[in-house]
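Novice: Input: one structure, supplied below.
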Amino acid sequence: VGRYSAAGSVNDRIFTLYYDQLGFLHKLTPGHFEASGPPAAFGRFRSLFGQPPDMGFETALAPQHTTLDEMIFFAYVPENEPQETIYSKKFTNIHYGKVIHSGHSALTLVSVTHPAPFGLEDFEMFDLIPNLFCFISVAQALFENTDIEKTVVIPGYSSFLITSILDNKNAVALATMPKRAPNNMTFLKSTWFLYNFGQRNGRTWKIYAKPCNYWFQYDDSPSLNIVKYVDLGNSQVLKAKVIQKSKDFQKLEIPLLTVFVGNPNLLEVTAEVTFDDTDSYIINISAASKALRQGSTSLAFIMWSASTECFVTTMIPTLKSSCGYLRSMHHIPSTFIPAEDWISGVHKDSRGFNLIKTLPINYRPPSNMGIAVPLTDNFYHADPSKPIPRNLFYKSKKTGKFKQCANVSTRKECNCTEDQKFSHAVAFSDCKEKVPRFKFPVTQYPVSMEIVNEDGRVPLEPPYLVTVSEVNNRQNWKLKHTVPEKIRKLKTLLEPMLHDAVYNPSGLNLSIKGSELFHFRVTVIKGVTFCDLVEEFQVYVDEAPLPFPGHTLIAVAAAVVLGGLIFAAFMFQLKGIHLWKSFQRQIRRGQEKFSNISLH
């Protein structure tokens, strides 16, 4: 808490000032963050924090032309410089990508056309140690002591850093590139230049961070450090783009951006770079799994030409060779039913048949012993406060266990969410209230699955293979599917190992001859995915005929009754008993009695 008065004042009651690794000053308050920058981007912070720190050092620089529009700079290390201070006369990594200012002219790392006074490209830095002294002389002009540490630049030849003045016509100089130094040559006035990057009479140059001219971004994500999952046999594509803010800079050139792979043995990574119509630099990274190995690796997208003033100069996406947490498998119903109809429990087809079945309270599906003898542990539409139907037999009483409704006394205390009520998972069967309803018999019901992940939806088809089971151990159902030759071989190998039937998920059809609720589980066989892909779905079969032995019992009973009647008629005939005549006599006697009655 206080005031900062080195070059201005801070009016915030609470603030923090700190320097970053480049020496720039930053201010942090509870609600805002401000940062200083180079002169081009300093803006209103200049009056508050003053000029940004100079990253120059106390020695002379010697510019050297390599082409008409390229320069490199040498930092002068005197021959008698003490060992402990040599480091202070050299360029360091902190200077890479910075800007040299000399007077009113700017020397940048970005290519410019040579009409600018000090245009250069690919700014390289070397330490100039005396190894070849040259004598230079001028015909008309006069050398002065102030010319020491100035540089004579001759395009096409070596430059010369003046180290001492012999007289007003002759000087001793160091050649920046001795092999390109001319010998006994005369250069006219307009063919050489004298630059002052010395510090003998006060340093005339400074080093600042150059302004940022790029935006660095992913095409499909605002995040800088995204995570992508690469499943077994699949691939992922990352697209990064470098966009120029200003066209004052030369067009970006390869290699501008470098990609480093942390673990190259985990994934097969390939890169492709292009420029689009706006001169934006685009890089496509494709990563594919190539082995049954799980793990993670990082990629580093490094934009070498970017200024440290850029908010982003490196992006580090992470690729994981594993199952994505958003990857799942879903059953595609044969008929779409809107959510509002599921809530109401009514969705009728064209014939008026309701396609939604609301299950009875504490419902359990039948077993192979009959509808009245459920043997499964799974309750549906559970309510501990209500009686349990079909619980008369000993085996039925031994089975049936509440899950979410265990150890509570009412359904409200089960705390079933709406998602759990509509979930097909057997883990939430206590909460399940409504299921899809079909008329008996169910034939050729398409069992269609799809894989859902962050990239969209894809149908489940080979090379995926599945097993199918009924979670309540019900029978009277059958699956049909096409078996191509390649799948047939795998099926033959896998079924003895899994002790279960293996199916092709493409073109899988279900037929059911039983009644009431069937609860199926589809499981993808491991080997083509790192994921444990499991999905469940229900089918309720209604309006089924009486189950066996109902028809037979009725037929037997009818036959017994009819046979008994025939046998009785035969016995009456054999004994001479005529039921019809006896019946007629009884009627006549009754009439005679009725006619003899007198009324008084």
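Novice: Out of the DSSP beta bridges found with both residues in segment 214-321, what percent are antiparallel (nearest 5)?
Specialist: Working: 33 of 36 bridges.
Of those bridges, close to 90 percent are antiparallel.
Novice: Going through the cross-link list K89/K169; K179/K245; K179/K241; K386/K526; K320/K432, which pairs have a Cα-Cα distance over 31 Å in this structure?
Specialist: On the way: K89/K169 29 Å; K179/K245 41 Å; K179/K241 42 Å; K386/K526 42 Å; K320/K432 36 Å.
Correct reply: K179/K245; K179/K241; K386/K526; K320/K432.
Novice: Compute the distance in nm between two label points, each set 7 Å from the Cα along the Cα-to-Cβ direction, one at D455 and one at S511.
Specialist: 3.8 nm
Novice: Efficiency by 1/(1 + (r/R0)^6): what FRET value for E144 and Q83, r their Cβ-Cβ distance, R0 = 41 Å, to the nearest 0.05?
Specialist: 0.80
Novice: Something else now. At 0.36 nm per residue, minus the direct Cα-Cα distance, what do M185 and T29 gain on full extension? Give it in nm, one decimal, please. Walk me through the intermediate numbers first.
Specialist: Details: separation 156, 0.36 × 156 = 56.16 nm, distance 6.37 nm.
Here the segment from M185 to T29 would lengthen by 49.8 nm.
Novice: Subtracting the Cα-Cα distance from 0.36 nm times the residue separation, let me have the gained length for N391 to F570 in nm, one decimal.
Specialist: Values: separation 179, 0.36 × 179 = 64.44 nm, distance 4.75 nm.
Here the segment from N391 to F570 would lengthen by 59.7 nm.
Novice: If we restrict to alpha carbons, what Rg and Dmax does segment 325-366 come to, in Å?
Specialist: Reported Rg and Dmax, both Å: 13.9, 42.
Novice: Separate question: Which length gain, in nm to one decimal place, applies between D341 and S328 when the Cα-Cα distance is subtracted from 0.36 nm times their residue separation?
Specialist: 2.2 nm
Novice: Which of A291, G262, M303 sits closest to the plus end of the dipole of segment 214-321, meaning its Cα is farthest towards the positive end, when Lys and Arg get +1 and Asp and Glu get -1 on the C-beta?
Specialist: Looking along the dipole axis, the top candidate is A291.
Novice: Using only the C-alpha atoms of segment 134-189, find the volume of their convex hull and express it per residue in Å³.
Specialist: On the way: hull volume 4.2 nm³, N = 56.
It is 76 Å³ per residue.
Novice: Let me ask something else. When averaged across all projection directions, what area in nm² does the alpha-carbon convex hull of segment 254-413 cover? Working shown, then result.
Specialist: Numbers: hull surface 81.9 nm².
Taking a quarter of the hull surface, the average projection is 20.5 nm².
Novice: From the Cα gyration tensor of segment 214-321, with a ≥ b ≥ c the square roots of its eigenvalues, which class applies: rounded if a/c is under 1.5, or else prolate if a/b is larger than b/c, or else oblate?
Specialist: On the way: a/c = 2.42, a/b = 2.10, b/c = 1.15.
Prolate shape, in that a/c is at least 1.5 and a/b is the bigger ratio.
Novice: Given 20 °C and 1.002 mPa s, how large is the Stokes-Einstein diffusion coefficient of segment 147-278 in µm²/s, with Rh as the Kirkwood radius over Cα pairs?
Specialist: Numbers: Rh = 20.7 Å.
Rounded, D is 103 µm²/s.
Novice: Between the alpha-carbon centers of segment 447-500 and segment 148-175, tell me the distance in whole angstrom.
Specialist: Using only Cα atoms, the two centres lie 83 Å from each other.
Novice: I need the shape label for segment 353-400. Rule: rounded when a/c is under 1.5, else prolate if a/b > b/c, else oblate, with a, b, c from the alpha carbon gyration tensor. Mind showing how you got there, number by number?
Specialist: On the way: a/c = 2.37, a/b = 1.37, b/c = 1.73.
Here segment 353-400 falls in the oblate category.
Novice: Given points 7 Å out from each Cα along the Cα-Cβ axis, report the K239 to L194 separation in nanometres with one decimal.
Specialist: Spacing of the two 7 Å Cα→Cβ label points: 5.7 nm.
Novice: Oh, and also: Over the Cα atoms, compute the radius of gyration (one decimal) and Dmax (the largest Cα-Cα distance, rounded to a whole number) for segment 330-542, in Å.
Specialist: My reading of the Cα-based Rg and Dmax gives 18.2, 56 Å.
Novice: FRET efficiency for D542 and F275, Cβ-Cβ distance as r, R0 = 41 Å, nearest 0.05?
Specialist: Plugging the Cβ-Cβ distance into 1/(1 + (r/R0)^6) gives 0.05.
Novice: Roughly how many percent of the accessible protein surface of segment 265-419 is carbon and sulfur, given a 1.4 Å probe and a whole-percent answer? Walk me through the numbers on the way to the answer.
Specialist: Values: 4640 of 8620 Å².
Of the solvent-accessible surface of segment 265-419, carbon and sulfur hold 54 percent.
Novice: Given the peptides 173-184, 313-324, 329-340, arrange them by the average over their residues of other C-beta atoms within 10 Å, most packed first.
Specialist: Values: 173-184: 15.8, 313-324: 19.4, 329-340: 12.9.
Averaged packing, sorted descending, gives the order 313-324, 173-184, 329-340.
Novice: Further, regarding this structure: Enter the accessible area per residue of segment 330-542 (Å², integer; probe 1.4 Å; all protein chains in place). Mind showing how you got there, number by number?
Specialist: Numbers: 11270 Å² over 213 residues.
With the other protein chains kept in place, segment 330-542 gives 53 Å² per residue.
Novice: Just add up the charged neighbours of N354: K/R +1, D/E -1, any other residue whose Cβ is under 14 Å from the Cβ of N354. Can you show the working numbers first?
Specialist: Details: positive: K348, R351, K357, K434, R437, K439; negative: D341, D349, D542, E543.
Charge balance in the 14 Å sphere: +2.
The values are calculated or read from the model by the stated rules, or taken from the named source; none is laboratory data. No experiment lies behind these values; they were computed from the predicted model shown. Please note: Cβ atoms are built from the backbone with ideal geometry, for glycine as well, and neighbour counts cover all protein chains shown. Areas reflect the complete protein model, heavy atoms only, side chains present, ligands, DNA and RNA absent. Shrake-Rupley method; radii C 1.70, N 1.55, O 1.52, S 1.80 Å.
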